[in-house]
Amino acid sequence: MDEEELTAQETALYDRQIRVWGVDAQRRLSKSHVLVSGMSGTIAEFCKNIVLAGVGRLTLMDDRVFSEQSLLANFLIPPDASEHCGRSLAEICCDSLKEFNLMVRVSVEKGDLSSFDAEFFDKFDVVVIAGCSLTIKKAINEKCRKRPKRIAFYAVDCRDSCGEIFVDLQSYTYLKQKGEDTFEHNMQYPSLVDSIAVPWRSLPRKATKLYFAMRVIERFEVAQSLRPGETSAADIPSVLELKKELCKVQSVNESHIPDRLLERLLTHPREHPAVCAIIGGILGQEVIKAISCKGDPLKNFFYFDAADGKGIIEAIADYVSS
């Protein structure tokens, strides 16, 4: 990454956060390039956070045309719908984000992310995707892992009052603080494919039920060729049947995945604005850590459920066979 010094204007604008995480961290952030795909409410919150923090470049991808439904959780879309007819979500959000920080270069990339070849990702330091099928998430993750440089990969999914973040930093070295000493610490991350391939019976009994519920819904969506959020209450019987089959195959008790939890995620698949703010905030912090190489990063799943107000880290990576 380019190690040029911060300009006087950058130093003045980011003075307070430089005092928190140091000039080196801010320099890395200011020279980084982040790609986000899928302008959901959670991604809108995330983009706001990293733009205010001073990321160097931010590229948005989402060719979906504006609709009234887009206003429900995405605060980057101005309320006057008449002005946005025919414009893509990425274009509308790009205009709004530019106003948050004039020093950040925000742009739009058109096209289907899954159709780009692996070389396309070389110009990015971080790739964040939302609203993608399991098939696309796995494909993009693998493309990032095969590039010459390390590209941090994040996949985020919010349904009603629940949220999930997956993190893959590959082989990641950062500065770790222990008492008064600071030393380099390395962490190895598995891919999404390897992470979700871990047998359920290998996971601790205290593992969050949200992890298992999300895997069931993902499998159902792939089988039915549905995009995330396209499920409804009508799908509940089929999903519950799939749950029984998977629990049998995985040799785990069906109580690992409460029917009521699945029913809630299927009946109300849309994002909840308050949860978007929480998940978007956590995601922003994690990406800043990954870029700056300062602070203990999340490994490798994070879950939040507004029903109990708890955020849970699940280190599924620790159970991946070496």
Checklist entry - Which one of 103, 281, 171 is farthest out on the positive end of the charge dipole of the chain, using unit charges on Cβ (Lys, Arg +1; Asp, Glu -1) and the Cα centre as origin? => result 171
Checklist entry - From the square roots a ≥ b ≥ c of the eigenvalues of the alpha-carbon gyration tensor of segment 228-322, which class results: rounded (a/c under 1.5), prolate (a/b over b/c), or oblate? => result oblate
Next on the checklist: Given Cβ point charges of +1 (Lys, Arg) and -1 (Asp, Glu) and nothing else, what value in debye, to the nearest 20, does the dipole of segment 92-206 about its Cα centre take?
Outcome noted: 360
Next on the checklist: With unit charges on the beta carbons (Lys and Arg positive, Asp and Glu negative) and the dipole taken about the Cα centre of the chain, which residue among 51, 88, 302 sits farthest to the positive side?
Outcome noted: 302
Checklist entry - Taking R0 as 51 Å, what's the FRET efficiency between residue 268 and residue 180 from their Cβ-Cβ distance, rounded to 0.05? => result 0.55
Checklist entry - Put a dot 7 Å past each Cα toward the Cβ at residue 11 and residue 107; how far apart are the dots in nm? => result 2.8
Next on the checklist: Report for segment 108-258 the percent antiparallel among DSSP-assigned beta bridges with both residues inside it, nearest 5.
Outcome noted: 75
Checklist entry - Can you count the Lys pairs in segment 12-143 with C-alpha separation below 27 Å, eight or more apart or on different chains? => result 21
Next on the checklist: Need the list of aspartates and glutamates near residue 310 for cross-linking: C-alpha distance under 13 angstrom, and skip anything on the same chain fewer than eight residues off.
Outcome noted: 164
Next on the checklist: Under the √(5λ) rule applied to the eigenvalues of the Cα gyration tensor, what semi-axes describe the equivalent ellipsoid of segment 1-133? Give them in Å, descending.
Outcome noted: 28, 18, 11
Next on the checklist: Quick check: pseudo-label points 7 Å beyond the Cα along Cα→Cβ at residue 63 and residue 20, how many nm apart are they?
Outcome noted: 3.8
Item to check | Residue-averaged 222 nm ellipticity for the chain, from DSSP H runs of 4+ at -39500 (n - 2.57), nearest 500 | outcome: -11500 deg cm²/dmol
Next on the checklist: Place a point 7 Å from the Cα of residue 149 along the Cα-to-Cβ direction; which residues of segment 106-123 have their backbone N under 15 Å from it?
Outcome noted: 119-123
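Which whole-number value in Å² is the accessible area per residue of the chain, probe 1.4 Å?
Here the residues of the chain average 47 Å² of exposed surface.
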Checklist outcome for this item: Whole-Å distance linking the alpha carbon centroid of segment 1-75 with that of segment 183-241 is 28
Checklist entry - Over all Cα pairs of the chain, how is the pair count split among 20 Å bins, expressed in % and running from 0 up to the last occupied bin? => result 31, 59, 10, 0
Checklist entry - Given charges of +1 on the Cβ of Lys and Arg and -1 on the Cβ of Asp and Glu, with all other atoms neutral, how large is the dipole of segment 171-322 about its Cα centre, in debye to the nearest 20? => result 220
Checklist entry - So for the chain: antiparallel DSSP bridges make up what percent, rounded to the nearest 5? => result 55
Checklist entry - Taking residue 178 as the anchor, which lysines have their alpha carbon closer than 16 Å to its alpha carbon, excluding any fewer than eight residues away along the same chain? => result 294
Item to check | Backbone HN-Hα couplings from phi across segment 263-279 [Karplus 6.51/-1.76/1.60, Hz, Gly and Pro as x] | outcome: 4, 5, 5, 7, 6, 10, x, 6, 6, 9, x, 5, 5, 4, 5, 5, 5
Item to check | Two-site FRET efficiency, residue 250 against residue 308, from Cβ-Cβ distance with R₀ of 35 Å, rounded to 0.05 | outcome: 0.90
Next on the checklist: Quick check: convex hull over the Cα atoms of segment 251-290, volume per residue in Å³, rounded to an integer?
Outcome noted: 110
Item to check | Net length gained if the chain between residue 72 and residue 123 were fully extended (0.36 nm per residue, minus Cα distance) | outcome: 15.1 nm
Checklist entry - Cα centroids of segment 286-322 and segment 100-117: how far apart, whole angstrom? => result 25
Next on the checklist: Which aspartates and glutamates, if any, have their Cα less than 16 Å from the Cα of residue 248, not counting same-chain residues under 8 positions apart?
Outcome noted: 259
Item to check | Potential lengthening between residue 318 and residue 87 on full extension [0.36 nm per residue; Cα-Cα distance subtracted] | outcome: 78.8 nm
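The values are calculated or read from the model by the stated rules, or taken from the named source; none is laboratory data. Keep in mind the model is a prediction, meaning the values are calculated, not measured. Glycine also receives a Cβ, built like all others from the backbone with ideal geometry; neighbour counts cover every protein chain displayed. Accessible surface is based on the protein model in full, side chains and every heavy atom, while ligands, DNA and RNA are left aside. Shrake-Rupley method; radii C 1.70, N 1.55, O 1.52, S 1.80 Å.
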